[in-house]
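Structure, as structure tokens:
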Amino acid sequence: GHFNTLTILEKSPHGLYLDAGTSKRVRLPNAFVTPSMQIGDLIRVFIYKDSNDRLVATTQTPLVEADQFAYLEVVDVKAGIGIFLDWGLDKHLLLPHREQGDWDFRVGDGAVVAVYVDAYSQRMVASTPSTPSPRPRKARL
């Protein structure tokens, strides 16, 4: 959920492996590898867990990191699961249904959210205040 400067350890067909300390390696997928990146180089990456619970690195810059607040756009709504927010990465940020409070989100809405690492899943998720402000209504003539 934060930026880190890591050393490139090795190349693989799937990307680069970076030294995350304490015997951990993090993969930087090929989509984010440039020809100038070489073994031993230090690179600045953002670390998060993918949908398979693996740590993964990206050179993309998110609009928000863990333990920060942001105004993000709703890009998808999945009934019973939650909504997905555009936070600047290819993988969208989940605002779980249980963290939406009384809000009724639709695609295209904006949401002020707190972003944190969920204690159970260890994934980045978002949360909203429990009481929404009234949704503006169009005047009827």
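If you roll a 1.4 Å probe over the chain with all protein chains in place, what percent of the accessible area is carbon or sulfur?
Roughly 52 percent, rounded to a whole number.
Counting alpha carbon pairs within less than 8 Å and at least 6 residues apart, what relative contact order, in whole percent, applies to the chain?
Result for the chain is 19 percent.
Over the alpha-carbon set of the chain, divide Rg by the Kirkwood Rh and report the Rg/Rh ratio to two decimals.
Numbers: Rg = 17.9 Å, Rh = 16.6 Å.
Ratio of gyration radius to Kirkwood radius: 1.08.
Please work out the Cα center distance from the range 96-115 to the range 1-66, rounded to the nearest Å.
Spelled out, the Cα-based centre of one part sits 29 Å from the other.
Around Tyr17, with a cut-off of 13 angstrom between Cβ atoms, what is the net charge of the other residues, counting Lys and Arg +1 and Asp and Glu -1? Write down the numbers at each step before the final one.
Working: positive: Lys11, Lys24, Arg25, Arg27, Arg54; negative: Glu10, Asp19, Asp41.
For residues surrounding Tyr17, the net value is +2.
GNM on the chain, C-alpha springs below 10 Å: top fluctuator among Lys24, Lys11, Lys91?
Lys24
Send over a whole-number figure in Å² for the accessible area per residue of the chain, probe 1.4 Å. The partial results should precede the final answer.
Numbers: 8770 Å² over 141 residues.
Each residue of the chain exposes 62 Å² on average to a 1.4 Å probe.
When the chain is modelled as a GNM with alpha-carbon springs shorter than 10 Å, which of Ala114, Ala31, Ala70 fluctuates the most?
Ala31
Would you look at the GNM of the chain, springs on alpha carbons closer than 10 Å, and say which of Leu93, Leu63, Leu72 moves the most?
Largest GNM mean-square fluctuation: Leu63.
With only alpha-carbon atoms counted, please give the Rg and Dmax of the range 19-82, in Å.
15.0, 45
Charges at C-beta only: +1 for Lys and Arg, -1 for Asp and Glu. How large is the resulting dipole of the range 8-126 about its Cα centre, in Debye rounded to 20? Please list the in-between numbers first.
Working: 12 positive and 16 negative charges, 102 e Å.
Charge dipole, the range 8-126, about its Cα centre: 480 debye, nearest 20.
The values are calculated or read from the model by the stated rules, or taken from the named source; none is laboratory data. Nothing here was measured: the structure is a model prediction, and the numbers come from that model. Using ideal geometry, Cβ is built from the backbone for each residue, glycine included, and neighbour counts are taken over all protein chains shown. These accessible areas exclude ligands, DNA and RNA; they are computed on the full protein's heavy atoms, side chains included. Shrake-Rupley method; radii C 1.70, N 1.55, O 1.52, S 1.80 Å.
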